[in-house]
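The values are calculated or read from the model by the stated rules, or taken from the named source; none is laboratory data. Just so it is clear, the structure is predicted and the values come from calculations on it, not from any experiment. All Cβ positions, even for glycine, are placed from backbone atoms using ideal geometry, and neighbour counts span all protein chains on display. Quick note on the areas: whole protein, heavy atoms, side chains included, nothing else; ligands and nucleic acids left out. Shrake-Rupley method; radii C 1.70, N 1.55, O 1.52, S 1.80 Å.
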Amino acid sequence: MVDQPAALFGFGIPPAQYDLLKADDAQGITGALKSRLRKLACDFDIRDNFYAWQAFGRGYGKHDAAPLPPYLQKAHYDQVRERADRVEIRHTNYADYLESMPAQSLDRYILLDAQDWMTDAQLTRIWSEITRTAKPGARVLYRTAAAPDVVAGHVPAMILDQWEYADAAKRDDWTRRDRSSVYGATHLWTLKPHA
């Protein structure tokens, strides 16, 4: 059943990401899914892993000690409420948004796993705009379905050479500690100081 890409569309896994997952494990897509499920069920204490509660029970539990994401925890309610007016919601293409921003005006970029299914042209456009709008020391954080980075080798070197990729030990540690167990790797790039 899972050997058909359409079987995973309902989980938000498009064809390009399906292909990455399939190639990420010697046993193909079945092996990749089994290893992610095993990590979710066995690598973290279920009592405080709200990702596992959501995955296995489709909720967070109704008891007082049920694990919740920080933004839903009672202790953080006042902070969230006080800062809610800082949130700006936009329904636009990310590259279009970046093109509207001044040069060197941003310092943090979080892309989740969207790059997994971008073409080289789309990746180049995004990274060109990230580089243009980034302040020195800016960071780009994202995760990928499979372990290999989807940016290196797909974005021209003249762009990526301006960035420093986090060392393997840090990336492996971040990925190991990812309690969602969905992603194959966590990636971080930092803009180098201008020469």
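Descriptive notes on the structure:
- Criterion: under 27 Å from D178 (Cα atoms), surrounded by 12 or more Cβ atoms within 10 Å (Cβ to Cβ) and either hydroxyl-bearing (S, T, Y) or in contact (Cβ under 8 Å) with a residue 60 or more places away in the chain (or both) - qualifying residue of Y71, Y60, Y77: Y60
- Tally of residues being in contact with a Phe, Trp or Tyr (Cβ under 9 Å, 6 or more places away or on another chain) and assigned to a helix (DSSP H, G or I) across the stretch 55-69: 0
- Y142 within 30 Å of R36 (Cβ to Cβ), in contact with a Leu (Cβ under 6 Å, 6 or more places away or on another chain), open to solvent by less than 20 Å² (accessible area, probe 1.4 Å) and not in a helix (DSSP H, G or I): yes
- So R171, is it over 18 Å from Y109 (Cβ atoms) and either open to solvent by 20 Å² or more (accessible area, probe 1.4 Å) or not small (G, A, S) (or both): no
- Failed condition for A95, given (1) in a helix (DSSP H, G or I); (2) over 30 Å from P136 (Cα atoms); (3) aliphatic (A, V, I, L, M): (2)
- Among the criteria (1) in a strand (DSSP E or B); (2) in contact with a Phe, Trp or Tyr (Cβ under 9 Å, 6 or more places away or on another chain); (3) not polar (S, T, N, Q), the one D149 does not fulfil is (1).
- From R176, R132, R108, R83, residue being surrounded by fewer than 16 Cβ atoms within 10 Å (Cβ to Cβ) and either over 30 Å from D43 (Cβ atoms) or among the β-branched types (V, I, T) (or both): R83
- Restricting attention to the stretch 111-122, the residues that are surrounded by fewer than 18 Cβ atoms within 10 Å (Cβ to Cβ) and assigned to a helix (DSSP H, G or I) total 5.
- Residue in the stretch 179-194 that is without any contact (Cβ under 8 Å) to a residue 40 or more places away in the chain and either out of contact with any helix residue (DSSP H, G or I) (no Cβ under 6 Å at 6 or more places or on another chain) or at negative phi (or both) present: no
- Among the residues listed as I46, I29, the single one being more than 18 Å from the chain's Cα centre (by Cα), at pLDDT 80 or above, open to solvent by less than 90 Å² (accessible area, probe 1.4 Å) and under 19 Å from D113 (Cβ atoms): I29
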